[in-house]
Amino acid sequence: MPDADRLNDTRRDRTPPAGLAARRLPWLEAGFFPLLLLLAVYGYALSLLLGAGTYKPALYLSTAGVTGMLVVHRGAGLLRPAWVAIGLALALLAHGCLMAGDRLWGVYHAALPWFAVAVAAVVLVPDRFGPERLDHGALLGFLTALAVGAQIVALGARVNRAGLFSNIHYLSQFTILTLPLLLYWALRGPSVLRGLMWLAIVGDFWLLLKTQSRPGFLALLAGGLATAPFLAPRARWAALAAVALVPGSLYATDLLGFAARIDDFAAHFRTDERVVMWREAWGLLAENTPREWWLGHGFGQFYWDYQAVSSFSPMENFAFPHNFVFEVLYSHGIVGLLPVVVAYGLFYRHLAAATRASHTASRRLAGALVIGAFTAVLVHGFLTLPLISRHHLYPLSLVLGAGFRFLRAGDPAHG
């Protein structure tokens with residue numbers, strides 16, 4: 001053998017075998033960062049479902065896991081729409097802080113970077129993990145059913161009037177967030193789980209009735225209407241019938257005071273708290289300078305400015321106008337509102353297109369229910385919570401993450 005060939009052969013023999021670097025760092029090969037994300041995302045989701053207040057440690061772990069995935073795996077699995085959502089959240093944070101200057105009030109805006117982390121974590125968590133190839137779907141359905149049971153027990157034991165939460169709006173948001181997942185597994189899950197899922201659905205609906213939350217019912221109806229067009233014809237008519245018949249039956253029977261709540265709202269519509277706030281918030285906006293119309297006032301400024309025009313008592317000075325459009329328009333102006341509206345519209349558009357293009361009934365149902373959940377959370381939050389707050393953004397991160405995973409599953413570039 002020629003010397004040159006012998007030298008090349010020797011070099012080839014000394015080339016480290018495939019996977020040697022991974023054996024030197026077995027925790028990378030075993031999936032250290034995917035495992036970290038798995039623990040973090042489950043901890044985060046359970047904290048939100050149980051109102052446990054332990055979401056911060058989960059978000060810290062998520063930050064480490066997402067950072068590791070971006071560095072080691074170069075962000076594999078994050079579609080462009082997810083990057084856009086994360087970038088928009090961070091841009092809103094910078095814009096709102098810059099415009100507020102030294103008059104920055106409150107801590108609502110602190111949720112934005114954590115929201116970005118949470119969305120990335122939900123998208124990047126592995127579909128399956130471990131030697132037994134655990135499927136998340138059935139486990140999530142089972143844990144959600146247990147969470148519904150825990151809320152019912154807490155409500156029955158009179159821990160407080162909102163189950164494990166501190167406010168009935170958080171409990172009503174819990175019900176509309178969990179109903180789509182429970183419904184999916186009641187229809188498509190393993191037979192051993194279906195009975196449990198239907199029981200949990202009944203329990204979830206009972207919890208919503210107990211909250212007597214009008215925004216909760218409006219959100220549920222909106223979610224049902226958004227879901228129906230994407231279902232098979234028979235299921236579509238069943239969904240539309242439920243949207244019409246369930247509220248009608250509740251009103252006719254006045255179950256748990258449902259009719260009384262609707263009648264009271266109709267009788268006092270003009271003096272309803274939200275209607276009064278919208279009228280007064282628009283009066284504030286009408287005083288904007290051209291610069292403020294375009295760039296807004298910054299985070300927290302609504303709280304200071306609204307006190308001067310509020311017709312409520314000083315003990316009820318609100319930090320947000322109970323209206324996402326007015327909220328973002330006041331804090332970020334037209335420059336901030338337009339990207340938010342466009343981002344929401346594009347998310348709907350991508351979800352709708354992917355759902356219509358689904359080749360299986362299970363995937364089509366999953367897409368329809370993600371659209372319904374997104375609509376319900378949006379409508380509920382619009383009427384009850386600040387858009388830029390952890391109480392809205394953290395539950396929203398679960399829905400957005402699920403939506404981006406759904407889009408990725410139908411993207412040929414990502415298998």
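For the reader, a short list of remarks on this structure follows.
- Cα point-scatterer Debye curve for region 216-279, base-10 log of I(q)/I(0) at q = 0.28 Å⁻¹: -1.10
- Backbone N atoms of region 247-261 closer than 14 Å to the 7 Å Cα→Cβ label point of residue 158 are not found in any residue.
- Among (1) 33, 30, 24; (2) 39, 23, 20; (3) 42, 29, 20, the entry that matches semi-axes √(5λ) of the Cα gyration tensor in Å as calculated here: (3)
- In the chain, the longest principal axis of the Cα atoms and the axis of helix 168-188 are about 50 degrees apart.
- Given the chain, longest segment not containing exposed loop GluC sites (Glu not before Pro) (DSSP; at most 14 other Cβ within 10 Å): 133-286
- Rounded percent of accessible protein surface that carbon and sulfur make up, region 152-271, 1.4 Å probe: 68 percent
- The spread of Cα positions in region 105-215, taken along each principal axis and listed from longest to shortest, comes to 45, 40, 23 Å.
- Averaged over its residues, the chain has an accessible area of 50 Å² per residue, based on protein heavy atoms and a 1.4 Å probe.
- Solvent-accessible area of residue 391, all protein chains in place: 50 Å² (probe radius 1.4 Å, heavy atoms, ligands and nucleic acids excluded).
The values are calculated or read from the model by the stated rules, or taken from the named source; none is laboratory data. All values reported here derive from a predicted model rather than from experimental measurement. FYI the Cβ positions are ideal-geometry reconstructions off the backbone, even for glycines, and counts take in every protein chain you see. Protein only, heavy atoms only, side chains kept; ligands, DNA and RNA dropped before computing areas. Shrake-Rupley method; radii C 1.70, N 1.55, O 1.52, S 1.80 Å.
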